[in-house]
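K.L.:
Here it is: the structure, laid out below.
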Amino acid sequence: MKNLLLKRMLVFLLILALLGGNACAESKPEAFIQGVDVSELLSQESSGVRYYDTDGRPADALTVLAASGVSHIRLRVWNDPFDAQGRGYGAGNINAERAAELSARAAKLGMKTLVDFHYSDFWADPSRQTAPKAWAGMSVDEKETALALYTKEALATILDAGGDVDMVQVGNETTTGMAGEYDLDNMARLIAAGCRAVREMAAERGREIMVCVHLTDLQNYGMISTILRQLEIRGADYDSVGLSYYPYWLSTLEVLSDDITAIRKDFRKEVFVAETAWPFTSADGDGAGNVVDYDPGMYPVTPAGQAQEWEDVCRTVAGAGGFGVFYWGGIWTPVGPNAAANLSLWETQGSGWATRFAHGYDPKVEDETGGCAWDNQAMFDFTGHPLLVLDTVRRLSENGIPSAQPHPVAEPTVPPAEEPAASPAEASNLVLNPGFEEPDVSMWKAFSEMAEIPYDIQDFVNDAHSGTKAFHFWSEKDMSFGVQQTVKGLSAGTYEASVWSQGGDMTDASMVLYVFADGQYYETSFMNTRWADWQHPVISEIPVASGSLTVGVKIKCGKKSWGTLDDFSVVMK
């Protein structure tokens with residue numbers, strides 16, 4: 001373990017010994033990081049946004065944060081967030097040069113920096129991991145070289161400017177991919193290359209820099225574990241795992257605590273929360289709408305509720321052995337109350353979520369242009385005055401983390417618009433052993449048009465849609481095969497059939513869900529894209545009078561294509 005981690009662990013163990021094992025009850029401020037992501041600050045300032053200190057006097061936002069006990073800032077870094085005419089994509093337009101300016105300002109106030117490399121020209125998250133424009137068309141080998149070189153050059157830019165880089169994230173929310181690579185092994189290769197680059201730069205500069213990876217989806221520890229195992233296989237040399245924890249997005253403090261404990265036990269890595277937030281109001285401050293525009297139901301949507309969420313997350317992380325928490329979007333306040341009046345500033349200064357200039361690079365921003373959509377979750381109110389949460393940061397900084405026990409809260413409420421309808425398959429699925437969980441699979445008929453059998457029943461939770469087992473396929477040769485079941489004893493009526501499927505490396509592939517019923521044939525095509533990106537083809541409106549139907553999947557694909565089928569269903573409509 002690197003010296004930085006060793007020092008932090010020694011501090012933790014010393015406190016543990018002094019307190020008779022209850023380190024979290026009186027944690028020293030230096031033993032626990034309270035950080036804030038300030039990536040949009042330059043764009044905010046150039047748009048005329050003002051901030052104030054606790055006495056109501058105009059002040060630098062970084063000065064206010066430092067005075068409140070914030071020890072670290074977090075800065076995302078995009079490779080080239082500008083179009084060919086130099087027009088910014090938005091959300092801070094933050095590249096290495098702009099990050100260097102902010103990091104240097106923070107260092108003068110005594111704050112260290114977590115550099116968050118996205119390895120993209122714009123947003124990178126579980127829904128998209130687009131390669132930078134300059135890397136388009138590169139092979140994985142070429143990307144490894146380019147990524148390592150870029151990492152070192154960007155870090156040199158920040159360090160040369162006077163930034164105090166303490167931590168580096170190699171990728172942002174890399175649960176599904178990174179830099180345009182969605183295959184798990186390819187992603188692991190790139191992360192390993194980034195880790196090596198950070199180590200080399202730290203050695204060249206004689207600095208101690210913590211190397212971090214960043215993951216999401218806390219409710220799926222099996223997926224987190226699979227990714228971290230692959231990083232082990234690829235020899236990724238990192239120190240800690242950062243997790244995104246947003247309580248309104250189907251996660252709980254208990255899950256967070258369990259994941260931190262499991263990662264530290266299973267992988268011997270330190271853990272922190274790289275992102276969290278909570279709304280202090282349901283109002284919209286800039287006329288562009290908000291990401292969280294409903295009452296999640298766990299805490300009050302008030303300044304006090306926001307402050308309580310922060311304290312609970314800090315206490316939970318510390319109680320599970322984690323070493324810090326970062327607040328996301330902490331300074332992203334409104335440019336002004338009117339969207340039409342704000343538009344020119346959002347586009348010219350990059351203070352909004354995205355600009356129209358980003359569309360050519362990332363079509364996903366088509367519906368995200370406009371304001372920040374986060375103004376009701378900042379740590380400053382709509383007029384730039386600090387909220388109660390910064391008083392909580394100050395108190396925790398001065399007094400330490402008061403308890404390892406989370407404040408009791410209600411379970412999260414799913415937004416009404418996204419609440420899933422009850423699935424009839426759960427209540428009345430007529431397929432026998434639909435997820436291959438039972439030892440008796442005689443009701444399933446698998447067939448292969450090749451000499452080798454390319455399929456088996458795999459017992460591996462990370463490749464199963466539910467349970468631990470699934471119908472798995474892979475071969476060194478081209479494949480043509482299928483699996484089906486005849487469902488009997490059906491009442492006359494109309495039925496619906498479906499299946500869940502995931503996998504990757506599909507070449508020359510055709511995948512079809514089919515149904516035979518009453519002499520008629522029905523089918524729908526689908527395609528696996530990448531690991532854990534579950535496809536759900538459905539065939540509806542299947543009339544049945546004869547009392548039975550056959551449901552199945554047939555697949556043709558090139559060698560080394562792979563995937564799993566799980567949770568077949570036939571339900572009466």
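Rule-based calculations on the coordinates, nothing more; no lab input. Every value quoted in this text rests on a predicted model; they were computed, and no experiment measured them. Reconstructed Cβ throughout: ideal geometry from the backbone, glycine too, with neighbour counts over all protein chains shown.
K.L.:
In whole Å, how far is the Cα centre of region 234-260 from that of region 283-329?
P.N.:
16 Å
K.L.:
Got the relative contact order for region 123-238 handy, in percent, Cα pairs under 8 Å and 6 or more residues apart?
P.N.:
33 percent
K.L.:
For helix 184-205, report the angle its Cα long axis makes with the longest principal axis of the Cα atoms of the chain; keep it between 0 and 90° and round to the nearest 10°.
P.N.:
Helix 184-205 sits at roughly 20 degrees to that axis.
K.L.:
Would you mind checking Lys152/Lys265; Lys269/Lys560; Lys143/Lys364; Lys469/Lys573; Lys143/Lys554 for any pair whose Cα atoms are more than 25 angstrom apart?
P.N.:
Lys152/Lys265; Lys269/Lys560; Lys469/Lys573; Lys143/Lys554
K.L.:
For the chain, give the share of DSSP beta bridges that are antiparallel, in percent and rounded to the nearest 5; count only bridges with both residues there.
P.N.:
Around 65 percent antiparallel, to the nearest 5.
K.L.:
Could I ask something else about it? What number comes out for the charge environment of Gly177, summing +1 per Lys or Arg and -1 per Asp or Glu over other residues with Cβ under 11 Å away?
P.N.:
Residues near Gly177 contribute -3 overall.
K.L.:
Can I ask one more? Once the Cα atoms of helix 96-108 and of the chain are each reduced to a long axis, what angle between those two axes, in degrees from 0 to 90 to the nearest 10, is obtained?
P.N.:
Its long axis makes an angle of about 40 degrees.
K.L.:
For a footprinting-style exposure proxy, rank Ser103, Ser251, Ser127 by other Cβ within 10 Å, fewest first.
P.N.:
Ranking Ser103, Ser251, Ser127 by Cβ neighbours within 10 Å, fewest first, gives Ser127, Ser251, Ser103.
K.L.:
Going by alpha carbons, how many degrees (0 to 90, nearest 10) lie between the helix axis of 303-319 and the longest principal axis of the chain?
P.N.:
The angle comes out near 80 degrees.
K.L.:
Determine, for Tyr51, Tyr522, the number of other Cβ atoms within 10 Å of each Cβ, and report the residues in order from fewest to most.
P.N.:
Tyr522, Tyr51
K.L.:
Now for a separate question. So, counting K/R as plus one and D/E as minus one, what does the shell of residues with Cβ under 10 Å around Tyr248 add up to?
P.N.:
That sum, taken over residues with Cβ under 10 Å, equals -2.
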